[in-house]
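Enquirer: The structure's right below; bear with me while I get my questions together.
The values are calculated or read from the model by the stated rules, or taken from the named source; none is laboratory data. Note that the structure is a prediction, hence the values are computed from the model and not measured. Glycine gets a Cβ as well: all are built from the backbone with ideal geometry, and neighbour counts include every protein chain shown. The protein model used for the area step is the full one, side chains on, heavy atoms only, and it has no ligands, DNA or RNA in it. Shrake-Rupley method; radii C 1.70, N 1.55, O 1.52, S 1.80 Å.
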Amino acid sequence: MIQAIVFLPLLAFLVAGIGNRAIGNFAAKSVTTGALFISCALSWVVFIGLIGGAPATDVVVAEWFSSGDLAVNWTLKVDILTGVMLVVITSVSALVHLYSWGYMEEDPDCPRFFAYLSLFTFAMLMLVTADNLVQIFFGWEGVGLASYLLIGFWYKKPSAWAAAIKAFVVNRVGDFGFMLGIFALFMLFGTVDIDTILAGVPAAKGATFTFLGTQVDAITTIALLLFVGAMGKSAQVPLHTWLPDAMEGPTPVSALIHAATMVTAGVFLVCRMSPLFDASPTASTVVTYVGALTAFFAATVATTQNDIKRVIAYSTCSQLGFMFFAAGVGAYGAAMFHLFTHAFFKALLFLGAGSVIHAMHHEQDMRYYGALRKSIPLTFAAMVIGTIAITGVNYTSGYFSKDSVLFAAWESGSESGRVAFFVGVFASLLTSFYSWRLIFRTFFGEARWVQSEHIQHALHDKHDMSHADAHDSAHHSDGTGGYHPHESPLSMLIPLGVLSFGALFAGAIFNDWFVGGDETAFWRGVIVHDGAFFESLHHVPGLVHWAPAIVMATGLLIAWLVYIKNPGFSDRFKAQWKHLHAFLLNKWYFDEIYNALFVKPALALGRFFWKAGDQGTIDRFGPDGMSAVVAGGSVLARRFQTGLVTSYALVMLVGVAAFATWFMVR
């Protein structure tokens, strides 16, 4: 069964990718979507079986390679941690495939798009089913390749291929750390098998080796190197800059990458290697602080963004920070629980945003929305459900998972845990504010559609208006310009309905298994788990218990006051605090700093090697120099080839005279 789950997306990729336009859009979409729904159904069967007590298994697919002491098999590992990731990945991917039927209907490259989606899913499934680090790295890099192809799918747009390159390069920075961690693990344990490594961690405590000329603790160093890889994939500060730019890809790609798959790979890695991180308090503290910083940073930036997809992208970055600081304080079950619930409501928000963009003729700027709740009521309902889930309204999925993360940070008792708790509470306040800001600016207030160039193009295309008519339309009294948004097709609405159910009820259904009392039997020792610690989460102090609800309501109230009750307040605030607003709007100037420190020097160095090294030295004295010698010799030889008999006779005479002279002298 596990072989079908993993390899059906690969088969679908090959059919759609090789067949491409030869098999047509319908066949490509049918094969890929059908394969993913079968994988999804089988994944739920496996997951429910594991919950019911089915044993964990390792299925050997093939002997991969052997080199000296290193022997690696291609093995599919099926335990409860894998089961959680299987249902998350295949469920979201299947719904994204179905959603793309409507969203990408007019795109001429549908087969290529669906092939890339299936390739991405296969790579992610390879990652989470790996029983060794080499196989994880194979899936890790496959996910990076597929994300590059998907982000840059519209490769004729300069911004799209620039974003794809940026994602690829930034992830390579993290991947280098991951590679070093794998090398160090093999050096320390003599194997890349995960179970063998984790079993040997207690005996390896206190071991040291030389790193960059200094004796360092082996476990701490390895854990930090692995975490660098996790930071790159999961967009943690300072390796986060690729994530917002990834919005250049089609919206279904944003949902697939940001909701349940690529960005959660880092969280999965930390939880899979939890005994290693738990053995190093230093590494765990670093994970906690980085996660808290990312949660705070991304939440502040999200409050100022105008692009609807970028708001949700920074929200993803912030929620990943929550997952990491949960893992950092030792609450690996809470981290996985938030990963699980986050997949539903974040995919719902992204696909809901895609439905809004679809209705607004590809306009993504919320400044040109407003008053859409009556035009697209089903999309509005889905977005509200996603919002109440992510903000943690009582008994929604986010309420159970995010509260467990915050309570775990408090109950850890460590300084880093308490810092993470207070940062997380403030980030939750901002989450509520920017999430409801998105709802109010998009669906409430007055229509601002006529200000959008995209809407103006739609009106021109629809009515073939003259310039005078367009001018009159631009001053339409209700702000709509005569444009009529439309609800999305059924293929886009069905995924919204399914994800809405998950966003509302997944937390309540699975809470007891993940963190609520049955977690010891649920996890079965796959991750580090302290039963007494998780029991304490149900007995936190009253103010700690109510803090998430208080900040959730406060954020909602502030957003209502600013964008509904007093719409002009935000403009006055921005004018008064223009430097702070500019700082947040420009994402703390990370891109500008990186551009100055890394991009420009790298380009200058590359230009120097190109001009002075390649052209000035290699080409000059290599192929160009040799060709110049040949060309010069040809010019000289051509002077002797005049075609005149007298010239040839002169040369012959000179030659005879030279020979006679040489003979006589000798």
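Enquirer: Test of understanding: among 295, 260, 283, which residue is modelled with pLDDT under 90, crowded, with 24+ Cβ neighbours inside 10 Å and either within 30 Å of residue 97 (Cα to Cα) or in contact with a Phe, Trp or Tyr (Cβ under 8 Å, 6 or more places away or on another chain) (or both)?
Expert: 260
Enquirer: Within segment 525-540, restricting attention to residues that are within 15 Å of residue 329 (Cβ to Cβ) and either open to solvent by 40 Å² or more (accessible area, probe 1.4 Å) or in a loop (DSSP other than H, G, I, E, B) (or both), which residue is modelled with the highest pLDDT?
Expert: 527
Enquirer: Report every pair of residues separated by at least 6 positions or lying on different chains whose Cβ atoms are under 9 Å apart, first residue within segment 101-129 and touching a residue at least 40 places away in the same chain (Cβ under 8 Å), second hydroxyl-bearing (Ser, Thr, Tyr) and not in a helix (DSSP H, G or I).
Expert: 102/488; 103/488; 120/261; 121/261; 124/261; 129/75
Enquirer: I'm trying to understand the selection: among the residues of segment 489-515, which are touching a Gly at 6+ places or on another chain (Cβ under 8 Å) and either outside any helix (DSSP H, G or I) or open to solvent by 20 Å² or more (accessible area, probe 1.4 Å) (or both)?
Expert: 489, 490, 491, 515
Enquirer: Right, another one. Inside segment 617-643, can you point out the residues that are hydrophobic (A, V, I, L, M, F, W, C) and either open to solvent by 100 Å² or more (accessible area, probe 1.4 Å) or under 60 Å from the mean Cα position of the chain (by Cα) (or both)?
Expert: Selection gives 618, 621, 626, 628, 629, 630, 631, 640.
Enquirer: Is it the case that some residue within segment 432-439 is surrounded by fewer than 24 Cβ atoms within 10 Å (Cβ to Cβ) and either β-branched (Val, Ile, Thr) or farther than 26 Å from residue 348 by Cα (or both)?
Expert: yes
Results for (1) under 30 Å from residue 242 (Cα atoms); (2) hydroxyl-bearing (Ser, Thr, Tyr); (3) touching a strand residue (DSSP E or B) at 6+ places or on another chain (Cβ under 7 Å); (4) at pLDDT below 90, shown as yes or no for each residue.
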residue: 556; (1), (2), (3), (4): yes, no, no, no
residue: 571; (1), (2), (3), (4): yes, no, no, yes
residue: 574; (1), (2), (3), (4): yes, no, no, yes
residue: 590; (1), (2), (3), (4): yes, no, no, no
residue: 593; (1), (2), (3), (4): yes, no, no, no
residue: 622; (1), (2), (3), (4): no, no, no, yes
residue: 628; (1), (2), (3), (4): no, no, no, yes
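Enquirer: Sticking with this structure for a sec: Restrict the check to segment 591-600 and report whether at least one residue is of a type in the set (A, V, I, L, M), within 30 Å of residue 299 (Cα to Cα) and surrounded by fewer than 11 Cβ atoms within 10 Å (Cβ to Cβ).
Expert: Yes: segment 591-600 contains one or more residues that are of a type in the set (A, V, I, L, M), within 30 Å of residue 299 (Cα to Cα) and surrounded by fewer than 11 Cβ atoms within 10 Å (Cβ to Cβ).
Enquirer: Restricting to segment 35-70, give me the number of residues that are part of a loop (DSSP other than H, G, I, E, B) and either under 17 Å from residue 7 (Cα atoms) or in contact (Cβ under 8 Å) with a residue 12 or more places away in the chain (or both).
Expert: 2
Enquirer: Tell me which residues, restricted to segment 79-124, are out of contact with any Cys (no Cβ under 8 Å at 6 or more places or on another chain), surrounded by fewer than 24 Cβ atoms within 10 Å (Cβ to Cβ) and β-branched (Val, Ile, Thr).
Expert: 80
Enquirer: In segment 113-147, which residues are of a type in the set (A, V, I, L, M) and over 19 Å from residue 184 (Cβ atoms)?
Expert: Scanning segment 113-147 gives 115, 117, 119, 123, 124, 125, 126, 127, 128, 143, 145, 146.
Enquirer: Would it be correct to say that residue 250 is open to solvent by less than 10 Å² (accessible area, probe 1.4 Å) and within 11 Å of the chain's Cα centre (by Cα)?
Expert: no
Per-residue answers, yes or no, for (1) without any contact (Cβ under 8 Å) to a residue 60 or more places away in the chain; (2) over 21 Å from the mean Cα position of the chain (by Cα); (3) on the phi > 0 side of the Ramachandran plot:
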site	(1), (2), (3)
308	no, no, no
315	no, no, no
326	no, no, no
335	no, no, no
341	no, no, no
345	no, no, no
349	yes, no, no
353	no, no, no
363	no, yes, no
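Enquirer: Filter segment 25-53 down to residues that are among the small types (Gly, Ala, Ser) and open to solvent by 40 Å² or more (accessible area, probe 1.4 Å) and give me whichever is farthest from residue 95 (Cα to Cα). Break it down stepwise before answering.
Expert: First, the residues of segment 25-53 that are among the small types (Gly, Ala, Ser): 27-28, 30, 34-35, 39, 41, 43, 49, 52-53.
Still in the running and open to solvent by 40 Å² or more (accessible area, probe 1.4 Å): 30, 41, 52-53.
Values: 30: 13, 41: 12, 52: 26, 53: 28 Å.
Among those that are among the small types (Gly, Ala, Ser) and open to solvent by 40 Å² or more (accessible area, probe 1.4 Å), it is 53.
Enquirer: Only one residue in 609, 663, 590 is among the aromatic types (Phe, Trp, Tyr) and over 37 Å from the mean Cα position of the chain (by Cα). Which one?
Expert: Values: 609 fails: over 37 Å from the mean Cα position of the chain (by Cα); 590 fails: over 37 Å from the mean Cα position of the chain (by Cα).
Within the list 609, 663, 590, the selection yields 663.
Enquirer: Name the residues in segment 120-171 that are charged (D, E, K, R) and out of contact with any Asp or Glu (no Cβ under 9 Å at 6 or more places or on another chain), would you?
Expert: Across segment 120-171, the qualifying residue is only 156.
Enquirer: Where residues in segment 343-371 are of a type outside the set (S, T, N, Q) and not in a helix (DSSP H, G or I), which of them is surrounded by the most Cβ atoms within 10 Å (Cβ to Cβ)?
Expert: 369
Enquirer: Restricting attention to segment 125-182, report how many residues are closer than 15 Å to residue 266 by Cβ and among the hydroxyl-bearing types (Ser, Thr, Tyr).
Expert: Here the count works out to 1.
Enquirer: When you check residue 401 against the structure, is it in contact (Cβ under 8 Å) with a residue 12 or more places away in the chain and crowded, with 24+ Cβ neighbours inside 10 Å, yes or no?
Expert: Here the answer is yes, as residue 401 does meet what is asked.
Enquirer: Sticking with this one: Please go through (1) under 30 Å from residue 520 (Cα atoms); (2) open to solvent by 10 Å² or more (accessible area, probe 1.4 Å) for residue 305 and return the number of the only condition it doesn't satisfy.
Expert: Looking at each condition in turn, residue 305 falls short on (1).
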